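Below you'll find the structure, written out as structure tokens, and then a few comments.
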Amino acid sequence: MGAMRKDYQISGCKIVEGGSSEPYPIWVFIDPDKDEKRYLVEELKIDEHTLNSSLDPDELARLEFEPDHIALIYKRPKNYSGKDQFLFKTGSSGVFLFKDRMVMVLSEDIPLFDGKQFTRVVALNDLLLKLLFRSVYHFLEHLKIISMISDELEQKVNTSMENKYLINMFTLEKSLVYYLNAINSNSMLIEKLKMNAVKIGFTPEETEFLDDLVIENNQCIKQAEIYSNILASLMDARVSIVSNNLNILIKTLNIITIAIMVPTLVVSAFSMNVKIPIAYHPQAFWMIMGMATVSVISLMILWYYKRW
């Protein structure tokens, strides 16, 4: 098959890699090459367009019924790394459910069966629902991280005069839009699964779990909407804060510049290479320094009362 295929089985209600059973009931193809794609299309009769959709990060979640299997595309958050520069991306995963086998197609190698929800898996249908639940829970985890990053950036924006932190916040806002679209897409998929529960063959326990999945995903949507609305509504205020910080800095620099220029003007007037009234006075230096000091004090008093 190739080096990018992993086989799993259900053993003791847990998902374990490899094992003693042949063939393994769970196949995972990670970024399949041409030979693997040909095998999936020709031998397993997987639709080529649906197979390519599993690797397309922009593809919407959907459910399709084929003659000998169910094809399902669902959305999940991609693993975040520092080089993403605060952009949280989404990816697609393909699940092809046969009677005695589940085939998964992924674009990247990610932890699939981690988390407590995979400690009690009894069947492939159950595994399918828990994969969807893991995706919802993963989105919720990322939303919390985005909220924490947003709070930290907000504190930096309040004292910053650069656009760097604002650009980071715009990137977070863009991420939330991607997440909201992906979660809504999953919502349509879950509703379709619920409508076709009998056709797919879900047990009463799995149908009940599907109802819980609908509730969890709806809560995820609401949370993403809240974060997105808050970030968008406060963005203008944060832009104004940066502009105001810059204005305060310019005002402070102007005060310093004028405060220096006024006494400099006084001293310069008595430094000209011409005869001046107090040129030969024994206290001329201190008189000039006194006038410079008085000019600074007068400027400060004027500035205070004018409230510039």
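The values are calculated or read from the model by the stated rules, or taken from the named source; none is laboratory data. None of the values given here were measured: they were computed from a predicted structure. When we count neighbours, we look across all protein chains shown, and the Cβ atoms used for this are built from the backbone with ideal geometry, even at glycine.
Points to keep in mind about this one:
- Residue within the range 199-207 that is among the basic types (Lys, Arg) and more than 27 Å from the chain's Cα centre (by Cα) present: yes
- Scanning the range 142-159 for residues that are without any contact (Cβ under 8 Å) to a residue 12 or more places away in the chain and not basic (Lys, Arg) yields a count of 4.
- Checking Tyr8 against (1) more than 29 Å from the chain's Cα centre (by Cα); (2) part of a helix (DSSP H, G or I); (3) of a type in the set (Ser, Thr, Tyr), the condition it does not meet: (2)
- Leu193 meets each of the listed conditions (1) in contact with a Leu (Cβ under 9 Å, 6 or more places away or on another chain); (2) surrounded by fewer than 18 Cβ atoms within 10 Å (Cβ to Cβ) apart from (2).
- Residue match in the range 54-61 (condition: more than 16 Å from the chain's Cα centre (by Cα), within 27 Å of Ser187 (Cβ to Cβ), outside any loop (DSSP other than H, G, I, E, B) and not aromatic (Phe, Trp, Tyr)): no
- Within the span defined as the range 98-121, one or more residues are assigned to a strand (DSSP E or B), under 30 Å from Ile149 (Cα atoms) and either touching a residue at least 24 places away in the same chain (Cβ under 8 Å) or touching a Gly at 6+ places or on another chain (Cβ under 6 Å) (or both).
- As for the range 209-216, it holds at least one residue that is assigned by TED's automatic domain parsing to the domain that holds Ser135, loosely packed, with under 12 Cβ neighbours inside 10 Å, outside any loop (DSSP other than H, G, I, E, B) and among the β-branched types (Val, Ile, Thr).
- When each of Tyr24, Tyr39, Tyr74 is tested for being in a loop (DSSP other than H, G, I, E, B) and either over 21 Å from Asp7 (Cα atoms) or not basic (Lys, Arg) (or both), the lone residue that passes is Tyr24.
- When residues of the range 74-90 are limited to those that are among the charged types (D, E, K, R) and surrounded by fewer than 21 Cβ atoms within 10 Å (Cβ to Cβ), the one farthest from Arg62 (Cα to Cα): Lys83
- Among the residues of the range 42-72, those identified as surrounded by fewer than 16 Cβ atoms within 10 Å (Cβ to Cβ) and more than 23 Å from Gly201 (Cβ to Cβ) are Glu42, Glu43, Glu48, His49, Asn52, Asp56, Pro57, Asp58.
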